[in-house]
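Notes follow the structure.
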Amino acid sequence: MSLNATIAAVTQRIIDRSRPTREAYLARMTQAAEDGPVRAHLTCGNQAHAYAAMGEDKASLAGGRAPNLGIITAYNDMLSAHKPFERFPDLIRAAAREAGGTAQVAGGVPAMCDGVTQGQPGMELSLFSRDTIALAASVGLSHNCFDAALYLGVCDKIVPGLVMAAATFGHIPSVFVPAGPMASGLPNDEKSKVRQQFATGEVGRDKLMEAEMASYHGIGTCTFYGTANTNQMLMEIMGLHLPGASFVNPETDLRDALTKAAAKRAMEITALGNDFRPAGHILDEKAFVNGLVGLMATGGSTNLVLHLPAMARAAGIIIDLQDFSDISEVTPLMAKVYPNGLADVNHFHAAGGLGYMIGELLGAGLLHEDVKTIAGDGLGLYTKEPKLINDEVVFVDGTKESLNDKILRPVVDAFQKSGGLKELKGNIGRGVMKVSAVAPERRIVEAKARVFHDQKDVKVAFQAGEFTEDTVVIVRFQGPRANGMPELHSLTPTLAVLQDRGLKVALVTDGRMSGASGKVPACIHVSPEALTGGAIAKVRDGDMVRVDAEAGTLEVLEEGFDAREPATADMSANAFGIGRELFEIFRQNAGNATEGAASIL
């Protein structure tokens, strides 16, 4: 089928908008690639330092004729999603040797967990950890010893930061190596119910802890469809994973085999072989449009509305909120995975997963097939799934039908005709809402505003019984320049209780919400932010506000609103403690949320 007209138009709009920056980027990458294999330009002394600890691989490295892979790892054993990476370097080194090459851990990057820092001061470092990860990965690769890079990362800011680094080093190939989701535990809806019961005092902390531990119970990615698993979907649909690799569980034979296969494939696509596939050419406009389509079709995390523009900018590509909105309008929601439904990613994968979804979207003309990927030319390769046959990964045709239509549906019978995200704009600014998990009857809220400058104050007001009518909760001075744009996910149980009591409630903020947030309508990432004088700083208690996710509007319905002076706030408490003082330079230089909120691009 021919390409959908809207997808084609948005792609061309991005190409036209990005032409100056993209052409300059590609020229830089071409020049870097033309310099040839990088180790050839190192002095003997340079190389001796790089190879001193490599034992049996020293001769191959010094010869310079076999590919050397640089591993950038986000391993730590505090994050369940990253614990599996502890074993990966040994697997990769062994696979590289078998293929006649070598591999080295080029460097590690930080990997913080928003689940640990949720509602805590450390969350104010979370967004900028993405930029730190990009910088740290670049330090590792700056040794200039590598013919390709393998990136080991999964969670919220880690993958976007690694993609920013991969684009910056776009003259060499990049292969992303996932770890996979943990086995299914306590169902997410049961966990959510206990959280709400704790918020109202119906159960104690002992029951809350019991539920949380039963949900997050082993190694691997959290199983709900939040930012981490959205990242994995993106890496696959954008052609940076091997086909079918995203949602294979850790510590299985297939997972280990896929890790080895990723290393071997990275060897094959270096400039030393006959199938050179530098990351800068894979990360093109069509790949990013495919990523946007995947985000909408799966009802993915709102955090990617921040990260995709930053990732694209690193490759010289400019993405705007309007691109998200237009693609959402023509992309059907094909999956129901928590928080959009009751299933988890293991159920999604078993029902047919990304291979089935990609095949459906290609058949409907909603994806670009003519793209370069690490696996080869054409996105059709990603309709296949990996099987372990005689200890080798073999890619076979995936299912052509959903195996559970309560979780995964074809394009012609999707859960809804449009995608999971909606741009809202009006006299308060521009923001975005994840509508895929919000019931249709809750997508329009017109009510008086309650204004807060701290998420803790919302909880205090709730405990005091102050929310007795329909309310639009405004939480401002939460943007990237104010305090690093923390997630406000810990407000979800509180606001959900009000909603369950029959009140219409919405959240409007220049901060973020977790990719796991859903049922409460939340217009987030409002830009310009309050600290820079954005109109959200003009809202007052009692203002009538309309949040309309159907029409895509965000309005204060009061005369004279535009002429008001914006409120100010004392942000000094956010400048110190838990490392916040070290991130002042990031806050001062952060861009608008609509542009990715990056401080280094």
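The values are calculated or read from the model by the stated rules, or taken from the named source; none is laboratory data. The model shown is predicted, which means the values in this text are computed figures rather than measured ones. Methodologically, a virtual Cβ is constructed for each residue, glycine included, from the backbone with ideal geometry; neighbour enumeration extends over all protein chains shown. Ligands, DNA and RNA are excluded from the accessible area calculation, which covers all protein heavy atoms including side chains. Shrake-Rupley method; radii C 1.70, N 1.55, O 1.52, S 1.80 Å.
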Tabulated pairs, segment 49-60, first touching a residue at least 40 places away in the same chain (Cβ under 8 Å), second open to solvent by 90 Å² or more (accessible area, probe 1.4 Å) and of a type outside the set (K, R), C-beta under 7 angstrom, 6+ apart or interchain
A50/H143
Segments classed as helices (runs of 4 or more DSSP H), wholly inside segment 172-278, with at least 1 members that are touching a residue at least 12 places away in the same chain (Cβ under 8 Å) and either within 22 Å of L69 (Cβ to Cβ) or touching a strand residue (DSSP E or B) at 6+ places or on another chain (Cβ under 6 Å) (or both)
227-237, 253-268
What is the residue count in segment 72-101 for residues that are closer than 21 Å to H217 by Cβ and out of contact with any helix residue (DSSP H, G or I) (no Cβ under 7 Å at 6 or more places or on another chain)?
10
Checked segment 245-269 for anything over 12 Å from G220 (Cα atoms) and not charged (D, E, K, R); matches are A245, L254, A257, L258, T259, A261, A262, A263, A266, M267, I269
Leading residue by the ranking (modelled with the lowest pLDDT) among those in segment 97-126 that are closer than 24 Å to T492 by Cα, touching a Ser or Thr at 6+ places or on another chain (Cβ under 9 Å) and assigned to a helix (DSSP H, G or I):
G115
Can you tell me how many residues in segment 372-392 are open to solvent by 30 Å² or more (accessible area, probe 1.4 Å) and either more than 16 Å from Y356 (Cα to Cα) or among the aliphatic types (A, V, I, L, M) (or both)?
9
If I ask for residues that are β-branched (V, I, T) and open to solvent by 50 Å² or more (accessible area, probe 1.4 Å), which ones from segment 97-124 would you list?
V105, V116
The condition of being open to solvent by less than 30 Å² (accessible area, probe 1.4 Å) and not aliphatic (A, V, I, L, M) holds, among F561, F576, only for F561
Scanning segment 168-206 residue by residue, those crowded, with 24+ Cβ neighbours inside 10 Å and within 30 Å of A597 (Cα to Cα) turn out to be F169, G170, I172, P173, S174, V175, F176, V177, P178, A179, G180, P181
Considering only residues that are outside any loop (DSSP other than H, G, I, E, B) and more than 30 Å from P173 (Cβ to Cβ), which ones fall in segment 347-375?
H347, A350
Condition first: in a loop (DSSP other than H, G, I, E, B), hydroxyl-bearing (S, T, Y) and either at pLDDT below 95 or farther than 14 Å from V435 by Cβ (or both). Now tell me which residues in segment 311-341 satisfy that.
Y338
Between L26, L61, which is at pLDDT below 85, aliphatic (A, V, I, L, M), open to solvent by less than 80 Å² (accessible area, probe 1.4 Å) and in a helix (DSSP H, G or I)?
L61
Looking only at strands (runs of 3 or more DSSP E) that lie completely in segment 467-542, which have at least 3 residues being more than 20 Å from the chain's Cα centre (by Cα)?
471-475, 505-509
